[in-house]
1. Any idea which of 287, 292, 259, 255 is surrounded by 15 or more Cβ atoms within 10 Å (Cβ to Cβ) and not assigned by the TED database to the domain that holds residue 31?
2. Please give the strands (runs of 3 or more DSSP E) falling wholly within segment 336-403 in which 1 or more residues are in contact with a Pro (Cβ under 9 Å, 6 or more places away or on another chain).
3. Quick check on segment 350-360. Is at least one of its residues within 16 Å of ligand 2 (Cβ to nearest atom) and at pLDDT 95 or above?
4. Take segment 368-408 and flag every residue that is within 13 Å of ligand 2 (Cβ to nearest atom) and among the β-branched types (Val, Ile, Thr).
5. Would you call residue 145 part of a loop (DSSP other than H, G, I, E, B) and either open to solvent by less than 10 Å² (accessible area, probe 1.4 Å) or in contact (Cβ under 8 Å) with a residue 60 or more places away in the chain (or both)?
6. Within the set of pairs 6+ apart or on separate chains, which have a first residue in segment 212-232 that is assigned by the TED database to the domain that holds residue 24, a second that is open to solvent by 50 Å² or more (accessible area, probe 1.4 Å) and in a helix (DSSP H, G or I), and C-beta atoms under 6 Å apart?
7. Is it fair to say residue 423 is among the polar types (S, T, N, Q) and assigned to a helix (DSSP H, G or I)?
8. What number of residues in segment 351-396 are within 18 Å of the chain's Cα centre (by Cα), among the small types (Gly, Ala, Ser) and closer than 22 Å to residue 294 by Cβ?
Amino acid sequence: MKNVLLIASEAVPFIKTGGLADVAGSLPKYFDKTKFDVRVMIPKYTCIPWEYREKMVYKTHFYIDLAWRTQYVGVFELEWNGVTFYFIDNEFYFGGNKPYSWIHEDIEKFAFFSKAALSALPVLGFRPDIIHCNDWQTGLIPVYLKERFSQGEFYQGIKSIMTIHNLKFQGIWDLKKVKDITGLPDEYFTSDKLEAYDDANYLKGGIVYADRVTTVSETYAEEIKTPFYGENLDGLMRARSNVLSGIVNGIDYDEYNPETDKRIYNNYNQVTFRKEKWKNKVALQKELGLTEDKGKFMIGLVSRLTDQKGLDLVAYVMDQLCAEDVQFVVLGTGEERYENMFRHYDWKYNDRVSANIYYSEDMSHKVYAACDAFLMPSLFEPCGLSQLMSLRYGTVPIVRETGGLKDTVEPYNEYEGKGTGFSFANYNAHEMLGIVNYAKDVYYNHKREWNKIVDRGMKTDFSWNSSARKYEELYNSL
Ligand code: ADP
Ligand code: GLC
């Protein structure tokens, strides 16, 4: 039996701001339970809904030193869908109405979390063979593990994995302040360790000190070795390429299942979609005040509204995108200029554009179920889950060929009758528009072909089944 503790800053169903939460909360369910005991640890944010917090069971508490402060560490536990979750409690750090705030606060918050997580291990009654870290918030864990905790016998031999979900966010802050906060001595802050470009960099620490480094698709694992995608760490990624690999994400096929999903208006499956899926479209049109027309080509976009997602391309050709024979449904929050851009077009083309500038799990499922196509023209995309959700709901993804989008969406080939979606290569608004119009043409003028694309998409398997096996292999190799 191998014990694995997956540590992250968010996990469904407790707290989610993006795909990391989907991964941390769902992957652990899919391991072979006779061979792997995979548990999860996240902060006990006060913004986790009460329905979960009230069920958490207090295990123990103790104190640790962080900078000049002595800090309380509470440990809570909850079993959810057969997986044990641990929660690190400290309301000074994990209070407030959202998990993240200003970077300087988060830097201290996640130094605390990393130290507390490791300090809690001896009292959990669960000694992990492997600690699986995720993103910069947990970047200090491999550092502390190797350099500090390796002195204690309990910690000896524990291996660590650093999974990069997004290289853009590295946890960068003033070197001197980070020295104070972390208590790590000077020698860790050199350019082959925690220092990068004169600052301290948590993710870099994790990448340097972890025994293995992974990211969430094979293509992204290659891309980040190049300057364009490397976010100034491409040299390090090349240097670590012998321990770096890409394992594509899956999604939770129980949670995202058009046949049983209680959040959508009308259930359907791979056999009945031709007769049943459109009812979701009409119901959504009604709910959002769009023209009710089951034949209208409806494009969806569910996303954090940031540059990463290719929204400047969308903004550039928005008038042409929102042609009269198209409906465009947006669900997302993020940068103000994109929020306002979508609000503007909602006002301008009221009968065919709907901008929903908020976060709603329910609405996201409705959009995945209702739309004909899903637009995801990302500038970069480590994996992307939304396109997988779309495929699952028979909604045809239109994506840019980058990262996980390239690895999961097979472009339609009309001559060979292949493909599960539409894609374009260059980061260019008119190239995107061209491919959207191509998709629209297939939808309106070659309906049988369209339905076959849907059919092939719904048949693909991006459940965790195959990727969980790859993580098992990785765990076994350590
Ligand atoms: P990222 O993690 O970069 O944001 P992913 O595609 O991996 O991108 O995951 C995004 C996740 O967040 C998906 O589960 C998507 O449905 C969800 N999501 C994004 N924006 C919203 C929103 N406004 N309301 C509900 N869910 C959202
Ligand atoms: C990040 C990436 C996204 C990926 C998700 C989960 O947020 O932006 O592409 O799917 O992490 O790994």
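1. One residue alone meets the criteria, 255.
2. 373-376, 396-400
3. Yes, segment 350-360 contains a residue that is within 16 Å of ligand 2 (Cβ to nearest atom) and at pLDDT 95 or above.
4. Selection gives 399, 402, 408.
5. no
6. Here the result reads 217/407; 218/407; 219/406; 219/407; 225/238, each pair linking segment 212-232 to a residue that is open to solvent by 50 Å² or more (accessible area, probe 1.4 Å) and in a helix (DSSP H, G or I).
7. For residue 423, the condition - among the polar types (S, T, N, Q) and assigned to a helix (DSSP H, G or I) - is not met.
8. 2
The values are calculated or read from the model by the stated rules, or taken from the named source; none is laboratory data. As the structure is a prediction and not an experimental result, all values here were calculated from the model. As a convention, Cβ positions derive from the backbone with ideal geometry for all residues, glycine included, and neighbour counts pool all protein chains shown. For accessibility, only protein heavy atoms count, side chains too; no ligands or nucleic acids. Shrake-Rupley method; radii C 1.70, N 1.55, O 1.52, S 1.80 Å.
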